[in-house]
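Read the structure below first, then the notes.
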Amino acid sequence: MKKQMLIETVELGTNLVGPGQPCFVIAEIGINHNGDLGIATQLIDVAAEAGCNAVKFQKRVPELAVPEAYRNVMRETPWGVMTYLEYRHRVEFGQAEYEQINEHCRKQGILWFASSWDPESVDFLEQFNPPCHKAASAALTDVELLDKMRSTPRPLMISTGMSTAEEIDNTLERLGTHDLLIAHTTSTYPCPPEELNLRMIQSLQARYPCPIGYSGHESGLQTTCTAAALGAYFIERHITLDRGMWGSDQGASVEPTGLKRLVRDIRVMEIALGDGVKKLYESELSSRERLRK
């Protein structure tokens, strides 16, 4: 009989993520706020009301994060035609906005953190004492950025989209698995069901001794609930006020009503799974007495 791998529990704020703990639900705001702090605070409220554990943003220094070849590519935006670099500046929050985000999340009692796309952004986020740092799928092979995140006292969450198994192994060999969380994901927006490959959650669980979660970019909710049922210790989904809003991530995001249903269904599923030990429930006794001869 194969010995079961011991999975380390990771502390995020006052929450524990791992075996025996409720699924940690992350509402990714990302850049769905479109550079509008009012939209960002509305989305924080939506996540808190739905019962999410945390919200997540994205943080960039555009000159560092945008490859030179793309900087002057022209893009149509709601604010007119501009270069891609100008667009990135347009939707990027700075010190003043994140101070307000930090305060608003504190009042709402919800954690927040962000995926950093460059080392300077890691330093920027450190001032807010985030519960963890996040490396997006694009950063899985970015040694400089990963080392920077790992040099902080925070746990690190990584996503594994657009990656090979060998690349994941190489990254884990460098990072180690202590205070590490790994999210299975497919980097297609929105992702068709046949490419979600949810059984990878269990494959990663069998390979690495750290909490495995799921970052979903699909349309709909049922496959995300399936990920939780398969044992994902944390779940991340993009959220939006309206999928019809402008932005590349909006179509793969969950609207407020759907987010409430998603968190509700994950919590019901957790209760329904039970402990796997056969029981005779008191509620069955009357039927047993009536129907068993």
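With respect to (1) modelled with pLDDT under 95; (2) under 25 Å from PRO130 (Cα atoms), the lone exception for PRO209 is condition (1).
Hey, could you check segment 99-138 for residues that are among the hydroxyl-bearing types (Ser, Thr, Tyr) and in a strand (DSSP E or B) and say which is nearest to the chain's Cα centre (by Cα)? Going through the qualifying residues, I end up with SER115. If only residues of segment 21-46 that are out of contact with any helix residue (DSSP H, G or I) (no Cβ under 7 Å at 6 or more places or on another chain) and part of a helix (DSSP H, G or I) are counted, the one that is surrounded by the fewest Cβ atoms within 10 Å (Cβ to Cβ) is GLY38.
Going by the conditions given, is GLY18 touching a Lys or Arg at 6+ places or on another chain (Cβ under 7 Å) and either surrounded by 19 or more Cβ atoms within 10 Å (Cβ to Cβ) or in contact (Cβ under 8 Å) with a residue 12 or more places away in the chain (or both)? Spelling it out, it is not the case that GLY18 is touching a Lys or Arg at 6+ places or on another chain (Cβ under 7 Å) and either surrounded by 19 or more Cβ atoms within 10 Å (Cβ to Cβ) or in contact (Cβ under 8 Å) with a residue 12 or more places away in the chain (or both). You will find that of GLU120, GLU49, the residue that is within 30 Å of CYS210 (Cα to Cα) and in contact with a Lys or Arg (Cβ under 8 Å, 6 or more places away or on another chain) is GLU49 and no other.
Got at least one residue in segment 276-290 being charged (D, E, K, R), under 18 Å from SER215 (Cα atoms) and at pLDDT below 95? No; the residues of segment 276-290 include none that is charged (D, E, K, R), under 18 Å from SER215 (Cα atoms) and at pLDDT below 95.
Exactly one residue among SER215, SER203 is of a type in the set (S, T, N, Q) and in a strand (DSSP E or B), and that residue is SER215.
Residues are listed down the side, and each one gets a yes or a no for (1) in contact with a Pro (Cβ under 6 Å, 6 or more places away or on another chain); (2) free of Cβ contacts under 8 Å to residues at least 40 places away in the same chain; (3) under 28 Å from PRO19 (Cβ atoms); (4) loosely packed, with under 14 Cβ neighbours inside 10 Å:
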residue	(1), (2), (3), (4)
TYR233	yes, no, yes, no
GLU236	no, no, yes, no
SER248	no, no, no, yes
SER253	no, no, no, no
LEU259	no, no, yes, no
VAL263	no, no, yes, no
VAL268	no, yes, yes, yes
ILE271	no, yes, yes, yes
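Criterion first (buried (at least 20 other Cβ atoms within 10 Å of the Cβ), in contact (Cβ under 8 Å) with a residue 24 or more places away in the chain and within 28 Å of ALA50 (Cβ to Cβ)) does LEU111 satisfy it?
On the way: buried (at least 20 other Cβ atoms within 10 Å of the Cβ): yes; in contact (Cβ under 8 Å) with a residue 24 or more places away in the chain: yes; within 28 Å of ALA50 (Cβ to Cβ): yes.
Yes, satisfied.
For residues that are within 22 Å of SER121 (Cβ to Cβ) and in a strand (DSSP E or B), tally how many sit in segment 54-76. Number satisfying all stated conditions: 7. In segment 152-171, of all residues being of a type outside the set (Ser, Thr, Tyr) and more than 27 Å from THR14 (Cβ to Cβ), the one that is nearest to the chain's Cα centre (by Cα) corresponds to GLY161. Look at segment 273-293: where a residue is surrounded by 10 or more Cβ atoms within 10 Å (Cβ to Cβ) and a partner is assigned to a helix (DSSP H, G or I), sitting 6+ places away or on another chain with Cβ atoms under 8 Å, you get LEU273/ALA229.
The set of residues in segment 57-87 being within 26 Å of the chain's Cα centre (by Cα) and not β-branched (Val, Ile, Thr) consists of PHE57, GLN58, LYS59, ARG60, PRO62, GLU63, LEU64, ALA65, PRO67, TYR84, LEU85, TYR87. Taking (1) among the hydrophobic types (A, V, I, L, M, F, W, C); (2) under 30 Å from ARG106 (Cα atoms); (3) within 16 Å of the chain's Cα centre (by Cα) in turn, LEU198 satisfies each apart from (2). Could you list, in sequence order, all residues of segment 78-98 that are outside any strand (DSSP E or B), exposed (fewer than 13 other Cβ atoms within 10 Å of the Cβ) and at pLDDT 95 or above? Correct list: GLY94, GLN95, ALA96. If you go through segment 210-259 and keep only what is within 17 Å of ASN34 (Cβ to Cβ) and small (Gly, Ala, Ser), you end up with GLY244, GLY247, SER248, GLY251, ALA252, SER253.
The values are calculated or read from the model by the stated rules, or taken from the named source; none is laboratory data. Predicted model only: the values in this text are computed from it and were never measured. Reconstructed Cβ throughout: ideal geometry from the backbone, glycine too, with neighbour counts over all protein chains shown.
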